[in-house]
1. Which of the following residues is touching a residue at least 12 places away in the same chain (Cβ under 8 Å), of a type outside the set (D, E, K, R) and not assigned by TED's automatic domain parsing to the domain that holds Ala320: Gly127, Gly118?
2. Which condition number does Trp246 fail, the rest of (1) more than 30 Å from Leu92 (Cα to Cα); (2) within 27 Å of the chain's Cα centre (by Cα) being met?
3. Please state which of the following conditions Ala186 fails to meet, knowing it meets all the rest: (1) over 18 Å from Ala44 (Cβ atoms); (2) outside the structural domain of Thr5 (by TED's automatic domain parsing); (3) loosely packed, with under 15 Cβ neighbours inside 10 Å; (4) among the aliphatic types (A, V, I, L, M).
4. Could you grab me the full set of residues in segment 97-116 that are part of a helix (DSSP H, G or I) and of a type in the set (Phe, Trp, Tyr)?
5. Can you find a residue in segment 2-20 that is touching a residue at least 12 places away in the same chain (Cβ under 8 Å), part of a strand (DSSP E or B) and closer than 18 Å to Met152 by Cα?
6. Suppose we keep only residues that are within 14 Å of Val248 (Cα to Cα) and either assigned to a helix (DSSP H, G or I) or polar (S, T, N, Q) (or both) within segment 138-175. Which one would you say is nearest to the chain's Cα centre (by Cα)?
7. Could you tell me how many of the residues in segment 159-173 are at pLDDT below 85 and either under 20 Å from Met70 (Cβ atoms) or crowded, with 17+ Cβ neighbours inside 10 Å (or both)?
Amino acid sequence: MKMKTFSSIQAAIQGGIFLFVGILFSVVGMYLNFNVDGKVSALAMTCYIIMTGFWAGVIAGLGGGNISRMDWHKGNIKLTPEEEAKMKKAKLPISPMWLIPLVYGTMQLLAVAVLAAGFCFGLFPDGLPLYAIIPVSAILIGGHAALAAKVMSAHLLYRYVNNPRTEPVPFKLNVVREHLISNVLANIVINGALGFALYHLVFVNPDKPMPLVLMIGDMIVTSFFVSILVPAGTSMQAENEAREKWTVSPDRGGKPLPGLIRQNLRYILVSECIGACFIISFLVMGIQSFSIWPIVGIKAIQPAISGGAVAVMAAYWGTAKGSQEK
């Protein structure tokens, strides 16, 4: 497959994913919680598009780059003479890898912010109804993710293929720098902001705090999604790093790798156990309800711990798998 075709496919996939995410949370998180007489303020929608677009661009760009590296190793990507020339001019990779999509996504986000503000304040200064919220969220967030994936899938591949590392990074250092920090920070910000959006009515009506049973249900669901979403990209990147000799394999003492199902069951178990520790602590302390800021804090901290734990596990197994493959 030609690189141009591959990049377009990645743009369609990543853009489609975040188009759906943008619509879903614009309705569930914004409209249901922030609407006044059926309209969400232009300021709230602009902030939502910018914040969600930021993470969509970074995640989509990083995902596109990781998938292109994976498919390159599998021999699924063939470069044209023009693309080979571009690869030879590629700059050295930057460690950690997520810095490149972060910088690119932030620069591209400036245009998204201008478009979002122009649409929201220019066409709907008194607030956006649902029929306006859905398309603007889909187009700007999904489009931003699609373009980031298209650009980064080629850009990151060229950098890593053209500049093999001469000295591998120690395994533990690589895990912390490439996987632990990024997943902890991302989960703190994303889930903390999501907590405020989802439970905004608790902020508006402080006399109606969130009952413990709802927090327990939220933590169980959040733990599950963290255990599924975090390892997918982490494992893929770790495999690439091992194949490209960017890091050394952990010493497993000859133990066989657990299968994919067993790995995922362990991710779920660890993430849910961390959530259970929080729940038990609430019960022991006799907490029966939560105001908005404890909700935001819990929504930020618990997924960050769970995300960091499963990221380390996924990096461990992904690096081991990549090291075994020739």
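The values are calculated or read from the model by the stated rules, or taken from the named source; none is laboratory data. These figures come from a predicted structure and were not determined experimentally. So basically every Cβ, Gly included, is an ideal-geometry build from the backbone, and we count neighbours across all protein chains shown.
1. Numbers: Gly118 fails: touching a residue at least 12 places away in the same chain (Cβ under 8 Å).
Exactly one of Gly127, Gly118 is touching a residue at least 12 places away in the same chain (Cβ under 8 Å), of a type outside the set (D, E, K, R) and not assigned by TED's automatic domain parsing to the domain that holds Ala320, namely Gly127.
2. The single condition Trp246 does not satisfy is (1).
3. Evaluating Ala186 over (1) over 18 Å from Ala44 (Cβ atoms); (2) outside the structural domain of Thr5 (by TED's automatic domain parsing); (3) loosely packed, with under 15 Cβ neighbours inside 10 Å; (4) among the aliphatic types (A, V, I, L, M) leaves (3) as the failure.
4. To start, the set of residues in segment 97-116 that are part of a helix (DSSP H, G or I) comprises 99-116.
Listed by number, the list holds a single entry, Tyr104.
5. Scanning segment 2-20 turns up at least one residue that is touching a residue at least 12 places away in the same chain (Cβ under 8 Å), part of a strand (DSSP E or B) and closer than 18 Å to Met152 by Cα.
6. Val175
7. Selection size over segment 159-173: 5.
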